[in-house]
Amino acid sequence: MNEIMRELELNEVERGGFSGEWLGSGDELEVLSPIDGSVIGRVKQCTEDEYEKIAARAHEAFLDWRKIPAPKRGEVVRRIGNALREKKAELGALVTLEMGKIRAEGVGEVQEMIDICDFAVGLSRQLYGLTMHSERPGHRMYEQWHPLGVVGIISSFNFPVAVWAWNASIAWVCGDACLWKPSSKTPLTAIACTRIAAAIFEEMGYDPALASLAIGRGRTVGEKLINDRRIPLVSATGSCTMGYRVGRVVGERLGRTILELGGNNAIIVTGNADLDLALRAILFGAVGTAGQRCTSTRRIIAHRSIADELTGKLVDAYKQVQIGNPLEDGTLMGPLVDTEAVDLMMAAIARIEAAGGEILVGGEKLDKPGGCYVTPVIARAKNEWDIVQEETFAPILYVIEYETLDEAIAIHNGVPQGLSSAVFTTNLLEAEQFLSATGSDCGIANVNIGTSGAEIGGAFGGEKETGGGRESGSDAWKAYMRRQTNTINWSTELPLAQGIEFGK
């Protein structure tokens, strides 16, 4: 641990604000590792006054950064991506130490940051607008995209660095500055990433406050950020409850939001599915990151003809999952993020049983250091139960049976969330129905691929209570810019649109 901290230039006590200089004189935040409960660092949080200084400096940085040609902004992001490559192993290990996901997933999350930087570099030469034919002679119409301002980024503990990079790298090439409020559960990874990015900005002669940081309590720093009119866009990842608050407050000032909220993701396994393929996808989707992904598989909707066979295979597989220290080779599932998460999982299990559900495997607290280790659960349940309608951020998998594909799709869509979804089938007609307008109502719909995880090339996000936001690839960049329609009259006449004559 000491070597990791030294490589990333992290001190025993860090300051949690950055605006070209490090600030932080508020309450001290103790950072505990869920691996064993040990203290891995302390962070002095930002006060409200320090937030004001950070936000003001970020806005000043934006005013100059917007003048830099987009390809040159892309070159800065390319350098940031290379700097992340150099620290990939150390950052991945810190993600594991601070959040608890296994080392392979921690390193994979850092790779996501590198990948989105690469994507953003190419994007910096592709911020295209359209040209349109004017109905008026001697006129030309086109649209262009301009930088928006300071982008506020609120990230969750489960992806402590990747979500920031999805937003920041795209925002930077679009000409925006970024102000990051990370989860208080994972502040050290945020400090490490900010230090890396800020150093590149400074080396290349740009204001390091383009990568601003404000670690602090939600009711102080968080509320200041979402109410701040200097921040035209807030991208927030977290619970639906948090999203309702952010959406309402930012909306009341007519700001923009990108909301990435809860998921209640299901996989339909039809009678025509390759069960071995489905089994592997379900296992990673439900157990990976200890069920603490917004894209984690929460529900299996299985055809009655294969439900018992599939469930039996899953139960056997769950019994073989190696649970323990996520830094050790062979571990497939690490701890939950903290003991509060364990308590919430145990409360959910009690509600499942009270509703009449059957726990088929798992659900025990394990006697390991830190008190954050559990065994993953498979339970028979009904889709309409309140507990199934909610997202429990833990490794709980519900098994629900169906007769017809129409019934399966109705069950699938019959929850408030709409993030990720999948069907396993070798039948083309079933696959196409699932992907049609009458199929999955989620922002992500897959065939013979699990729900968990997504490539950075496609826009990421969901519908309904998931928030409707889109990050990462495709044309998600448009959310970080302002569109402008331009008309140029190169004639000596002044005709009006729609054939209107005025003053004759």
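The values are calculated or read from the model by the stated rules, or taken from the named source; none is laboratory data. All values derive from a computational prediction rather than experimental measurement. All Cβ positions, even for glycine, are placed from backbone atoms using ideal geometry, and neighbour counts span all protein chains on display. Note: accessible area is taken over every heavy atom of the protein model, side chains too, but ligands, DNA and RNA are not part of it. Shrake-Rupley method; radii C 1.70, N 1.55, O 1.52, S 1.80 Å.
Points worth noting:
Condition check ((1) β-branched (Val, Ile, Thr); (2) touching a Phe, Trp or Tyr at 6+ places or on another chain (Cβ under 6 Å); (3) more than 30 Å from Val31 (Cβ to Cβ)) across all residues:
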{"site": "Leu360", "(1), (2), (3)": "no, no, yes"}
{"site": "Gly371", "(1), (2), (3)": "no, no, no"}
{"site": "Thr392", "(1), (2), (3)": "yes, no, no"}
{"site": "Ile396", "(1), (2), (3)": "yes, no, no"}
{"site": "Glu403", "(1), (2), (3)": "no, no, yes"}
{"site": "Thr426", "(1), (2), (3)": "yes, no, yes"}
{"site": "Ala431", "(1), (2), (3)": "no, no, yes"}
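Listed here are the residues, each with its yes/no results for (1) open to solvent by less than 10 Å² (accessible area, probe 1.4 Å); (2) of a type in the set (Val, Ile, Thr); (3) in contact with a Lys or Arg (Cβ under 9 Å, 6 or more places away or on another chain).
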site	(1), (2), (3)
Gly238	no, no, no
Leu254	no, no, no
Gly285	yes, no, yes
Thr289	yes, yes, yes
Gln292	yes, no, yes
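- Residues satisfying the stated conditions in the stretch 148-157, i.e. open to solvent by 10 Å² or more (accessible area, probe 1.4 Å) and more than 10 Å from Ser235 (Cα to Cα): Leu148, Ser156, Phe157
- Test: residue in the stretch 330-338 that is in contact with a Gly (Cβ under 7 Å, 6 or more places away or on another chain), under 24 Å from Leu261 (Cβ atoms) and without any contact (Cβ under 8 Å) to a residue 40 or more places away in the chain: no
- Ala273 fulfils the conditions (1) within 25 Å of Glu340 (Cβ to Cβ); (2) surrounded by 23 or more Cβ atoms within 10 Å (Cβ to Cβ); (3) of a type in the set (Gly, Ala, Ser) except for a single criterion, (1).
- The lone exception for Arg483 - which of (1) basic (Lys, Arg); (2) surrounded by 14 or more Cβ atoms within 10 Å (Cβ to Cβ); (3) over 28 Å from Val415 (Cβ atoms) it fails: (2)
- Listed by first and then second residue, the pairs with beta-carbon distance under 8 Å, at least 6 apart or on different chains, first residue in the stretch 382-399 and closer than 13 Å to Gln417 by Cβ and open to solvent by less than 60 Å² (accessible area, probe 1.4 Å), second among the aliphatic types (A, V, I, L, M) and assigned to a helix (DSSP H, G or I), are Asn383/Ile411; Thr392/Leu344; Thr392/Met345; Thr392/Ala348; Phe393/Ala341; Phe393/Leu344.
- Being of a type in the set (Ser, Thr, Tyr) and under 30 Å from Val31 (Cα atoms) is a condition met by at least one residue of the stretch 331-344.
- Residue count for the stretch 425-468 satisfying the condition of being over 19 Å from the mean Cα position of the chain (by Cα), open to solvent by less than 60 Å² (accessible area, probe 1.4 Å) and among the small types (Gly, Ala, Ser): 4.
- Any hit, the stretch 52-71, residues being among the aromatic types (Phe, Trp, Tyr), farther than 17 Å from Arg195 by Cα and within 25 Å of the chain's Cα centre (by Cα): yes
- Residues of the stretch 163-191 satisfying the condition of being without any contact (Cβ under 8 Å) to a residue 60 or more places away in the chain and surrounded by fewer than 24 Cβ atoms within 10 Å (Cβ to Cβ): Ser183
Quick grid of which residues meet (1) under 17 Å from Val415 (Cβ atoms); (2) touching a residue at least 60 places away in the same chain (Cβ under 8 Å); (3) part of a helix (DSSP H, G or I):
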{"residue": "Ile231", "(1), (2), (3)": "no, yes, no"}
{"residue": "Ser235", "(1), (2), (3)": "no, yes, no"}
{"residue": "Gly247", "(1), (2), (3)": "no, yes, yes"}
{"residue": "Ala266", "(1), (2), (3)": "yes, yes, no"}
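- Boolean, Thr220 is closer than 26 Å to Phe393 by Cβ, open to solvent by 10 Å² or more (accessible area, probe 1.4 Å), modelled with pLDDT under 95 and not hydrophobic (A, V, I, L, M, F, W, C): yes
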